[in-house]
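Undergrad: Questions regarding the structure given below will be posed in turn.
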Amino acid sequence: MNVHSRPTKPPLKILLCSPRGFCAGVVRAIDAVERALAKFGPPVYVRHEIVHNRYVVESLKAKGAIFVEELDEIPNTDAPVIFSAHGVAKEVSAAAAERGLLAIDATCPLVTKVHREAEIHWRRGRRVLLVGHSGHPEVVGTMGQLPEGAVVLVESVEDIDRLKFDDESNLAYVTQTTLSVDDSQGIVNALMRRFPKIIGPHKEDICYATTNRQAAVKEVAPYVDAVIVVGSPNSSNSQRLREVAERAGAPAQLVQGRKEIDWEIFGSISSLGITAGASAPEVLVEEIMDAFAERYDIVVETISSADENVSFPLPKELRAIA
């Protein structure tokens, strides 16, 4: 018998949330950049991070994508310019057209749906309220579909108390697609109490992927000592997953990769939930699981709350080579 045999690792049960990670809108946006690189060759310019994930952005940079925040950072060029999955204000599309740039719009179709709803309400003479987070690129893009001042941003129930309109019978609301289902429902309920005639979307604006990922976390959180959410701090849907886990009773940490794991939090746990935001690739989930496998004797079980089979066609400029 080997007296130097390694100490046994403590057991750890990992409950893997399903669905997790990439949604159809993110897959389409990343595919759009990769197809544009294949069709036109590098460089391909991308306005704003194509999706909120450092790993994805760095891997696309290595293939020849150049990320900018504004169009004026792009020289006069024949290279394509891709708009991110979050959507852009109309003035951005107009500025690209004015400069003769080859603009390819990778806005998620579910975000485009919100843009169209807002525009229809406005054309019908309604004041539009947008439930969302100030400064988030999706919110900036949605507000930018209509003239300055046409959209009122509502971030909290407290904001509703301060709202005053000359005609309270002619209001409509839309929501950011990546909100917490529970939070946004609370705000929507308060809006409807305050403005009983307000018109909402025909179909929920919060996207299927956000809803499904939050539902999976709610299912897993009561049965684990802690939860790891793989995602970027500037990713709205990833931050909401962390909040959902904590509300369901599990301490949660949002990490971009294994280097960010706070082992102090996870020292003496015997069960762990793992999920990933809609812009986080599965390779990062595997990296996190490997990190735990080095310290624990892990058993993995997948907990599935929904089957996803949604896909979106590529932007029309890229379909010929798909």
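The values are calculated or read from the model by the stated rules, or taken from the named source; none is laboratory data. What you see is a predicted model; the values in this text were computed from it and never measured. A quick note on method: Cβ atoms are made from the backbone with ideal geometry, for glycine too, and the neighbour counts reach across all protein chains shown.
Let's see how each residue does on (1) in contact with a Ser or Thr (Cβ under 6 Å, 6 or more places away or on another chain); (2) buried (at least 18 other Cβ atoms within 10 Å of the Cβ); (3) under 29 Å from residue 113 (Cβ atoms):
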| position | (1), (2), (3) |
| --- | --- |
| 11 | no, no, no |
| 19 | no, yes, yes |
| 24 | yes, yes, yes |
| 28 | no, yes, yes |
| 42 | no, no, no |
| 63 | no, no, no |
| 84 | no, yes, yes |
| 89 | no, no, yes |
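Undergrad: If we keep just the residues of segment 40-92 that are acidic (Asp, Glu) and over 25 Å from residue 282 (Cα atoms), which is farthest from the chain's Cα centre (by Cα)? Give the steps one after another, and end with the answer.
TA: In the first step, residues of segment 40-92 are kept if they are acidic (Asp, Glu); the result is 49, 58, 69-70, 72-73, 78, 91.
With the extra rule that they be over 25 Å from residue 282 (Cα atoms), the set shrinks to 69-70, 72-73, 78, 91.
Values: 69: 18, 70: 21, 72: 26, 73: 25, 78: 30, 91: 23 Å.
Among those residues, the one meeting the criterion is 78.
Undergrad: A follow-up question, please. Working carefully through the options 161, 183, 262, find the one that is in the same structural domain as residue 142 (by TED's automatic domain parsing), among the acidic types (Asp, Glu) and farther than 24 Å from residue 19 by Cβ.
TA: Numbers: 183 fails: farther than 24 Å from residue 19 by Cβ; 262 fails: in the same structural domain as residue 142 (by TED's automatic domain parsing).
From the options 161, 183, 262, the qualifying one is 161.
Undergrad: From (1) surrounded by 17 or more Cβ atoms within 10 Å (Cβ to Cβ); (2) of a type in the set (Asp, Glu); (3) under 30 Å from residue 39 (Cβ atoms), pick out the condition that doesn't hold for residue 98.
TA: Single failed check for residue 98: (1).
Undergrad: Which one is nearest to the chain's Cα centre (by Cα), of the residues in segment 21-39 that are over 26 Å from residue 135 (Cβ atoms) and in contact (Cβ under 8 Å) with a residue 60 or more places away in the chain? Break it down stepwise before answering.
TA: From segment 21-39, those over 26 Å from residue 135 (Cβ atoms) are 31, 34-39; that's our starting set.
Checking the rest, the ones that are also in contact (Cβ under 8 Å) with a residue 60 or more places away in the chain come to 31, 35-36, 38-39.
Details: 31: 16, 35: 22, 36: 22, 38: 26, 39: 27 Å.
The qualifying residue nearest to the chain's Cα centre (by Cα) is 31.
Undergrad: A further question on this structure: May I ask you to verify whether residue 221 is of a type in the set (A, V, I, L, M), under 30 Å from residue 157 (Cβ atoms), out of contact with any helix residue (DSSP H, G or I) (no Cβ under 8 Å at 6 or more places or on another chain) and outside any loop (DSSP other than H, G, I, E, B)? Before the answer, list the steps.
TA: Details: of a type in the set (A, V, I, L, M): yes; under 30 Å from residue 157 (Cβ atoms): yes; out of contact with any helix residue (DSSP H, G or I) (no Cβ under 8 Å at 6 or more places or on another chain): no; outside any loop (DSSP other than H, G, I, E, B): yes.
Spelling it out, it is not the case that residue 221 is of a type in the set (A, V, I, L, M), under 30 Å from residue 157 (Cβ atoms), out of contact with any helix residue (DSSP H, G or I) (no Cβ under 8 Å at 6 or more places or on another chain) and outside any loop (DSSP other than H, G, I, E, B).
Undergrad: Could you please give the count of residues in segment 40-64 that are assigned to a loop (DSSP other than H, G, I, E, B), touching a Gly at 6+ places or on another chain (Cβ under 9 Å) and at pLDDT 95 or above?
TA: If we filter segment 40-64 for residues that are assigned to a loop (DSSP other than H, G, I, E, B), which is where we start, we get 41-43, 48-53, 63-64.
Going one step further and asking which of them are touching a Gly at 6+ places or on another chain (Cβ under 9 Å), we end up with 41-43, 51-53, 64.
If we keep only those that are at pLDDT 95 or above too, we end up with 41-43, 64.
Of the residues in segment 40-64, 4 are assigned to a loop (DSSP other than H, G, I, E, B), touching a Gly at 6+ places or on another chain (Cβ under 9 Å) and at pLDDT 95 or above.
Undergrad: Kindly list the number of the only condition in (1) out of contact with any Pro (no Cβ under 9 Å at 6 or more places or on another chain); (2) in the same structural domain as residue 18 (by TED's automatic domain parsing); (3) buried (at least 20 other Cβ atoms within 10 Å of the Cβ) that fails for residue 216.
TA: (1)
Undergrad: Still on this structure, I have one more. In the list 166, 159, 183, 205, which residue meets the criterion of being exposed (fewer than 13 other Cβ atoms within 10 Å of the Cβ) and among the charged types (D, E, K, R)? Walk me through it before giving the result.
TA: Values: 159 fails: exposed (fewer than 13 other Cβ atoms within 10 Å of the Cβ); 183 fails: exposed (fewer than 13 other Cβ atoms within 10 Å of the Cβ); 205 fails: exposed (fewer than 13 other Cβ atoms within 10 Å of the Cβ).
None of the other options fit; the residue is 166.
Undergrad: Follow-up. Hey, residue 173 hits all of (1) more than 20 Å from residue 87 (Cβ to Cβ); (2) not in a loop (DSSP other than H, G, I, E, B) but one; which does it fall short on?
TA: (1)
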